[in-house]
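J.: One structure follows; several queries about it will come next.
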Amino acid sequence: MSQGTLFVSRSPRCIPALAIIEHFNLDVEIVNVKTTAHKDFDAKFPLKQVPSFLGPKGLRLTENAAISTYLIDLLSEKDQKILFGATPAEKIQVLRYHSIGNSNLFAYIGLNFLMVTGSSPFNKKTFDAHMESIETYAKVFDERLKDYTFVATENVSIADIQCLGAWSLAFASVCGAEFRKAHPYLMRWFKTVLASPIVAKTMADYKMVEEPLKYVPPKKEKKEKKEQQPKKKEAKKEEAPAEAAPEKKPKHPLELLGKSTFVLDEWKRKYSNDDTRPVALPWFWEHYNPEEYSLWKVEYKYNDELTLTFMSNNLIGGFFNRLTGSTKYMFGAMVVYGENNDNGIVGACMVRGQEAPPAFDVAPDWESYSYVKLDHTNEEDREFVNNMWAWDKPVVVNGQNKEIVDGKVLK
């Protein structure tokens, strides 16, 4: 009887589960969702994250820790003790390093990988800060591995495999030969685990880079120069009356809508200086003109890819910074709800006019968000706006309350 189906991609996050299945010959079907469409994955895992596991009796699992634990529980007691640790002290260390490899360390490496490959907007300040954090983690590993062969026990545990996945992405992308030379104990451990029987098959094609990948900005298209025609001498003509200079085009498309009766700057001052619920929001609804402005629910499309909450908040900050060209025509607030490795971004914005693109498309990453128009006469929509601008109530996601942990205001 089949023990289940594991849904994977090329992501290093999938290495631990793949290694366990392949090394111990578990009867688990492996489906690469990037190359194979599968109705169960689309229907049963709406977050579309990998790895995901579909087991007997409709069991559905996401997250590395849960999937690895389930698979290891299928093994013999001897193998369980090797992978989980044999004593309480070992088990705690396994849990500790498994968490390191699957959370902050992987997040810093993964986000920098996405930036240098152009999969997410490149920000040099953020990239450099992440590299400093990766360097700090490397020193922590060096300190441990100077006296020990493995990170948690005297064998290759699930913690080693999890951390191997994170560092494998680093050494194949943003951490080149020079970085690796500076961390000999980390590299000795990495090569030892890489060559171990439990991961050797899964990592058979793995290669490290000599030079770290660098971000290359997309080339700007060059405008074709028009061939200059030789000027022909013309006979002098009587000077014609000067034509009126053409009107200057508006700097922003929303300028065409003219001045509104709703004074946006006055609302921004009210929001900044007065209590939100008792004073600012009642003032807003009293003065809001739906013929001049529209309200929108703005939500990040890839919440399942978010990791640490402070990074999600930085994502909002970057988005708002890139909206600078439209701030005189809009106002809004977006929040981060949930917790590390299980959070989302959503907010409410008011823009001049009745369409979202003219206000938002000044930001290169504006298409990473969805825009749903709100009805100011609908009580539920009004309450959503109130909650997004007051930040004092949880966000309801699939019937569950998710506390707001951070956010930013565009004004």
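The values are calculated or read from the model by the stated rules, or taken from the named source; none is laboratory data. Worth saying up front: this structure is predicted, and the values here are computed from it rather than measured. Backbone-built Cβ (ideal geometry, glycine too); neighbour counts: all protein chains shown. The accessibility values were calculated without ligands, DNA or RNA, using every heavy atom of the protein model including side chains. Shrake-Rupley method; radii C 1.70, N 1.55, O 1.52, S 1.80 Å.
J.: Please report the accessible area of residue 84 (heavy atoms, 1.4 Å probe, ligands and nucleic acids excluded) in Å², nearest 10.
T.: Surface open to solvent at residue 84 totals about 50 Å².
J.: If you don't mind, there's one more thing I want to ask. Can you check what the Kirkwood hydrodynamic radius comes to for region 268-354, Cα pairs only, in Å to one decimal?
T.: One over the average 1/r among Cα pairs gives 14.4 Å for region 268-354.
J.: Which one is right for this structure if percent of Cα pairs over 38 Å apart is calculated from it: (1) 39; (2) 16; (3) 27?
T.: (1)
J.: Which of the pairs 139/411; 81/191; 124/207; 34/393; 48/201 have their Cα atoms more than 32 Å apart in this structure? Let's see the in-between values first.
T.: Details: 139/411 42 Å; 81/191 23 Å; 124/207 26 Å; 34/393 38 Å; 48/201 26 Å.
Correct reply: 139/411; 34/393.
J.: Can I ask one more? Return the distance in nm (one decimal) between the two label points of a simple spin-label model at residue 383 and residue 57, each offset 7 Å from Cα along Cα→Cβ.
T.: My value for the distance between the label points is 3.8 nm.
J.: Something else about it: Cβ under 12 Å from residue 293's Cβ, residue 293 left aside: what net charge do those residues give with Lys, Arg +1 and Asp, Glu -1?
T.: -1
J.: Nearest 500 deg cm²/dmol is fine: what mean residue ellipticity at 222 nm does the chain get from its DSSP H runs of n ≥ 4 alone, each adding -39,500 (n - 2.57), divided by its residue count? Walk me through the numbers on the way to the answer.
T.: Details: 16 runs with 162 residues, N = 411.
Helices in the chain give a 222 nm mean residue ellipticity of -11500 deg cm²/dmol.
J.: So how much accessible area does residue 277 have, in Å² to the nearest 10, using a 1.4 Å probe?
T.: 70
J.: Additional query: Keeping every protein chain in place, order 39, 214, 402, 44 by accessible area at 1.4 Å, biggest value first, i.e. largest first.
T.: My answer, sorted largest first, is 39, 214, 44, 402.
J.: Round to a whole angstrom and tell me the spacing of the C-alpha centers of region 158-219 and region 354-375.
T.: That distance is 39 Å.
J.: Now, a different point. Counting Lys and Arg as +1 and Asp and Glu as -1, what is the net charge of the other residues whose Cβ lies under 14 Å from the Cβ of residue 335? Write down the numbers at each step before the final one.
T.: Values: positive: 297, 393, 402, 408; negative: 299, 339, 392, 403, 406.
With Lys, Arg at +1 and Asp, Glu at -1, the net is -1.
J.: Run the numbers on the chain and let me know its relative contact order in percent, using alpha-carbon pairs under 8 Å that are six or more apart.
T.: Answer for the chain is 13 percent.
J.: Of 252, 98, 183, which is the most mobile in a GNM of the chain whose springs link Cα atoms less than 10 angstrom apart?
T.: With Cα springs under 10 Å in the chain, the top fluctuation among 252, 98, 183 is at 252.
J.: Round to the nearest 10 and give me the degree value, 0 to 90, for the angle of helix 88-102's Cα axis relative to the longest principal axis of the chain.
T.: Tilt of helix 88-102: around 30 degrees.
J.: Apply 1/(1 + (r/R0)^6) to the Cβ-Cβ distance of residue 143 and residue 200, taking R0 = 25 Å, and write down the FRET efficiency to the nearest 0.05.
T.: Efficiency at R0 = 25 Å is approximately 0.40.
J.: Does anyone have the angle between helix 379-390 and the longest principal axis of the chain? Alpha-carbon axes, 0 to 90°, nearest 10?
T.: Its long axis makes an angle of about 80 degrees.
J.: Let me ask something additional. Relative contact order (percent) for region 64-185, with alpha-carbon contacts under 8 angstrom and 6 or more residues of separation? Could the numbers behind the result be given before it?
T.: Working: 109 pairs, mean separation 43.4, N = 122.
Contact order relative to length: 36 percent.
J.: Run down the aspartates and glutamates and flag those whose C-alpha is under 19 Å from the C-alpha of residue 44, throwing out any fewer than 8 positions away in its chain.
T.: Straight-line reach from residue 44, under 19 Å: 29, 63, 304, 305, 342.
J.: If you don't mind, there's one more thing I want to ask. With a 1.4 Å probe and all protein chains kept in place, how much accessible area does residue 302 have, in Å² rounded to the nearest 10?
T.: Per-residue accessible area (residue 302): approximately 90 Å².
J.: Working from the alpha-carbon coordinates of region 154-221, get Rg over Rh, Rh being the Kirkwood radius.
T.: On the way: Rg = 14.4 Å, Rh = 13.2 Å.
Across region 154-221, the Cα-based Rg/Rh ratio is 1.09.
J.: Still on this structure, I have one more. Using a 1.4 angstrom probe on the protein heavy atoms only, could you order 215, 371, 148 from most to least accessible area? Walk me through the intermediate numbers first.
T.: Numbers: 215 75, 371 50, 148 100 Å².
My answer, sorted largest first, is 148, 215, 371.
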